[in-house]
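Step one of this worksheet: look at the structure below.
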Amino acid sequence: MKRNKKLIILMVVASVVMAGILLLPHKTNHQGHEVTSATMYHCPMHPTYTSDRPGDCPICDMKLVKMDQAQVDLDTLQALSSETQAVSSESTQCIYHECPMLKEGEMCPMLIFTEEGKAQECPVCKQRLSETKAEVIQAPKDIMGYTAVMLSDQKQQLIGIRTAPVIKKTAKKKVRTVGKIAYDPELYQAEQEYLEAIQAYNKAAQGAPPEITERAKALVDATQTKLELMGLSEELVQDIKKAGVPDRSLILAKQGGTVWMYAPIYEQDLDIVTPGQKVKVTAQNIMAGKIFSGEVRSIDPVFDPQTRSVRVRAVLDNSEGLLRPNVYVDVEIEVELGEQLLISENAVLDSGERKIAFVAREQGVFEPRRLILGPKLEDYFVVISGVTEGENVVAQATFFVDSESRLKAAIDQSTTGHQH
């Protein structure tokens, strides 16, 4: 009986020992992922990633190494991670470094974030890094969710990345819109009232009582203000005063004369369209290919909130009498902008809230930049700030670089420390 009891106790103890042996190989790493006590591999750049088989790191494509042969001091990396997190985005710089110890026989470039002007030590090869020994790439300070990204030549070729330089040259913008030949009896009548008010004031000024003269002068001022509110410039009002008669081309178009053309100019072009600029007008339904030339004479002072535009008035040559009131025409105003800094339209990513471009640096590094842009030309944007002349920007496969930058920024938030 005692022998049976001892046998049972030995079996229980053996079972407990076996269960402990089976459970012992399983443990968790500091991220909570299950790790076995068998031969394990991890990424030297991202030690939080582990695997039970050799291969490449899915984050940086670096070859995984055995845990017991790792050349990376995890404590050093963790210290660097905490230091990196403590650095504010406004004083952060990105140092490019080629560490000789990460891949056998190859140089593995890395990006290390550190405080501006402060030297840093590579946690792998222990080399002291400084601005004199490494290229410094300023990390974006005003672009949340983006970061500098490094792409190999093979990956750039696979994606189809092409770059274009930021250039400076004389710029011209063609503002295109649709207008119509004016038929404006209301303005014609307002001009008539203005001229009659001037005649009445001139008569009153020749001997009428002062109160009558003052009323006549007030009427002149009121009719002039009415003309200005209807869109006539002070220069055009003076032309009417000199002519002494209202402009009949507002209601009738005669051969050998001129006609008025009204066209809306939308808010993005308001700051570049001014009186005196040349206008080219075509009317495909009247005479295809025929160009009618003219000049912008005035711009309405009141903005239309419904169409987000203002009305431009131009006078056109109608020597052949082909243009008639209320005829619709295509309008082109060529604006000289002088020498401007230009960036390719394909290089600009517009999210609605901000405009981004990626500047190509050495060693396959692409740096995001926030842009402030001026008018849009045919294939370019005028640059106010964000890039400088001669810098190369990604002009093809921009969305792929944008995705890589966003993905890397998201990964960097979850895996701090050394950035690849």
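The values are calculated or read from the model by the stated rules, or taken from the named source; none is laboratory data. Please read these numbers as outputs of a predicted model, since none were measured by experiment. Backbone-built Cβ (ideal geometry, glycine too); neighbour counts: all protein chains shown.
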Completion exercise
Residues of the range 282-307 being closer than 20 Å to residue 335 by Cβ and of a type in the set (Asp, Glu), in sequence order, are 295, 300
Problem - Any hit, the range 321-337, residues being more than 30 Å from residue 154 (Cβ to Cβ) and hydroxyl-bearing (Ser, Thr, Tyr) - result: yes
Problem - Leading residue by the ranking (surrounded by the most Cβ atoms within 10 Å (Cβ to Cβ)) among those in the range 381-407 that are in contact with a strand residue (DSSP E or B) (Cβ under 7 Å, 6 or more places away or on another chain) and modelled with pLDDT under 85 - result: 405
Problem - Selection from the range 275-301 of residues that are aliphatic (A, V, I, L, M), part of a loop (DSSP other than H, G, I, E, B) and at pLDDT 90 or above - result: none
Handout entry: Of all residues making up the range 226-274, the number that are surrounded by fewer than 13 Cβ atoms within 10 Å (Cβ to Cβ) and β-branched (Val, Ile, Thr)
Key = 2
Fill in the blank from the handout: The correct count of residues that are surrounded by 14 or more Cβ atoms within 10 Å (Cβ to Cβ), in a helix (DSSP H, G or I) and modelled with pLDDT of 90 or more in the range 156-195 is 8
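On the given criteria, is residue 240 part of a helix (DSSP H, G or I), over 45 Å from the mean Cα position of the chain (by Cα) and under 29 Å from residue 282 (Cα atoms)?
Details: part of a helix (DSSP H, G or I): yes; over 45 Å from the mean Cα position of the chain (by Cα): yes; under 29 Å from residue 282 (Cα atoms): yes.
Considered against the rule, which asks whether it is part of a helix (DSSP H, G or I), over 45 Å from the mean Cα position of the chain (by Cα) and under 29 Å from residue 282 (Cα atoms), residue 240 comes out as yes.
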Practice task
Check residue 206 against each of (1) in a strand (DSSP E or B); (2) surrounded by fewer than 15 Cβ atoms within 10 Å (Cβ to Cβ) and name the one condition it does not meet.
Solution key: (1)
Fill in the blank from the handout: If we keep only residues of the range 371-394 that are among the small types (Gly, Ala, Ser) and within 13 Å of the chain's Cα centre (by Cα), then the residue farthest from residue 146 (Cα to Cα) is 374
Exercise for the section: Mind counting the residues in the range 316-354 that are within 37 Å of the chain's Cα centre (by Cα) and closer than 20 Å to residue 280 by Cα? Expected result: 10
Problem - Selection within the range 329-345 - within 25 Å of residue 264 (Cβ to Cβ) and exposed (fewer than 13 other Cβ atoms within 10 Å of the Cβ) - result: 334, 336
Practice task
Give the number of residues within the range 144-155 that are buried (at least 21 other Cβ atoms within 10 Å of the Cβ) and polar (S, T, N, Q).
Solution key: 1
Handout entry: Enumeration of residues in the range 350-378 that are surrounded by fewer than 19 Cβ atoms within 10 Å (Cβ to Cβ) and closer than 19 Å to residue 161 by Cβ
Key = 361, 362, 363, 364
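Got at least one residue in the range 249-267 being of a type outside the set (Phe, Trp, Tyr), assigned to a helix (DSSP H, G or I) and farther than 18 Å from residue 174 by Cα?
Taking the range 249-267 first, the residues of a type outside the set (Phe, Trp, Tyr) are 249-259, 261, 263-265, 267.
With assigned to a helix (DSSP H, G or I) added as a condition, the list becomes 249-250, 267.
Imposing the further condition that a residue be farther than 18 Å from residue 174 by Cα reduces the set to 249-250.
Taking every residue of the range 249-267 in turn, at least one turns out to be of a type outside the set (Phe, Trp, Tyr), assigned to a helix (DSSP H, G or I) and farther than 18 Å from residue 174 by Cα.
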